Amino acid sequence: MNAGKIIGGLIGFFVGGLVTALLGVFVGHQFDKGLGGLLNPVSAEQRQRIQDAFFKTLFATLGHLAKSDGRISKVEIAQAEALMTNMGLTAAHRREAIELFKAGAKPDFSIDRTMTDFIATCGRYNNLKQSLLNYLISLAMADGELHPAEQAVLKKVAKHLGFSSALFEKFIEMVKAQSRFKGAGGRAQDRVTQSELESAYKALGVEEANTDAQIKRAYRKLISENHPDKLIGQGMPEDMVKLATERTQEIQTAYDFIVASRK
């Protein structure tokens with residue numbers, strides 16, 4: 001039910017007639033789009049399905065990414081283990097993650113079938129789709145570079161998720177820039193280098209020529225998309241909350257750098 005449109009239209013009509021009612025319908029539609037998860041809360045059963053789909057897709061695709069260049073290196077195995085440790089997985093979830101990683105590395109693994117299954121369960125949750133892609137990009141670049149074979153896999157994933165090639169390239173640029181601010185929170189902002197400032201703009205997907213208001217809107221949108229509570233509400237496994245929290249901290253630090261440089 002599009003409750004926002006109905007309520008907005010009724011309020012608008014009683015306040016100012018037909019024209020205001022139409023405006024109320026539009027505002028209500030934006031409300032429905034932004035807060036659909038609150039108006040239509042996810043049931044416990046549906047949440048479990050979403051969590052399972054996100055978890056399985058992430059670790060199986062990680063295995064597929066690791067094997068995309070023909071072999072899984074010790075570094076890639078160490079990165080996957082570090083991710084599991086960083087997430088604080090339970091012993092049972094850790095075993096499941098390892099099995100999923102191995103399954104993704106097998107020759108008969110189908111990324112197309114995996115993404116089709118993911119979309120069938122999580123396709124309506126844009127924040128989850130973008131978070132999945134961002135996590136995969138981050139982990140693929142954990143060794144400092146994005147190999148052509150890995151990029152080809154990620155581009156296929158992005159296409160399944162409904163992201164254009166241009167948007168995919170922008171996500172890569174933003175994730176790469178955001179990683180520069182990992183653990184940089186709280187640093188004195190009066191010592192921002194030009195290189196860090198350029199990365200900060202890229203991390204938010206904006207340009208130096210943008211106005212303060214435009215940059216603030218971009219920052220708030222990113223914080224909202226990556227907010228742990230919102231992602232959990234849509235069904236992200238709680239094991240992965242720490243990753244979402246780290247991303248919001250990186251975004252916050254990048255924004256702080258920009259604000260400090262404009263004072």
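List, in order, the whole-Hz ³J(HN,Hα) value for each residue of the range 76-88 obtained from phi through the Karplus relation with A = 6.51, B = -1.76, C = 1.60 and θ = phi - 60°; use x for Gly and Pro.
5, 5, 4, 5, 5, 5, 5, 4, 4, 5, 5, 6, x
For a quick check: sort Phe109, Phe118 by the number of other beta carbons within 10 angstrom, fewest at the front.
On the way: Phe109 16, Phe118 24.
The fewest-first ordering by Cβ neighbours comes to Phe109, Phe118.
Starting from the 7 Å offset along Cα-to-Cβ, what nm value, one decimal, do you get for the label separation of Ala78 and Ser165?
3.6 nm
Suppose we take every Cα in the range 44-262 and form the convex hull; what volume per residue is that in Å³?
Numbers: hull volume 27.2 nm³, N = 219.
Convex hull volume per residue, Cα atoms: 124 Å³.
Amide H neighbours of His227 under 5 Å, counting only residues 5+ apart in sequence or on other chains, H built in-plane at 1.01 Å?
none
Each residue of the range 165-177 in order: what ³J(HN,Hα) in whole Hz does its phi give by Karplus 6.51 cos²θ - 1.76 cosθ + 1.60, θ = phi - 60°, with x for Gly and Pro?
4, 5, 5, 4, 5, 5, 4, 4, 4, 5, 5, 4, 5
What does the extension gain come out to for Arg94 and Glu45, with contour length at 0.36 nm per residue minus their alpha carbon separation? Show your work: numbers first, answer last.
Numbers: separation 49, 0.36 × 49 = 17.64 nm, distance 2.23 nm.
Length gained between Arg94 and Glu45: 15.4 nm.
Counting other C-beta atoms within 10 Å, which of Thr57, Thr90, Thr248, Thr121 has the fewest, and how do the rest follow?
On the way: Thr57 24, Thr90 10, Thr248 16, Thr121 19.
Ordered from fewest to most neighbouring Cβ atoms within 10 Å, Thr57, Thr90, Thr248, Thr121 come out as Thr90, Thr248, Thr121, Thr57.
Got a sec? How would Ile77, Ile119, Ile251 order by Cβ neighbour count within 10 Å, fewest to most? Let's see the in-between values first.
Values: Ile77 13, Ile119 16, Ile251 23.
Neighbour counts put them in this order, fewest first: Ile77, Ile119, Ile251.
Could you work out how far apart the two model spin labels at Gln214 and Ala120 are, taking each label as a point 7 Å from the Cα in the direction of the beta carbon, and quote it in nm?
4.3 nm
Each reported figure results from applying straightforward, stated rules to the coordinates on display, with no laboratory input. Since we're looking at a predicted model, the values are computed, not measured. Positions of Cβ are backbone-derived with ideal geometry, glycine not excepted, and every protein chain shown enters the neighbour counts.
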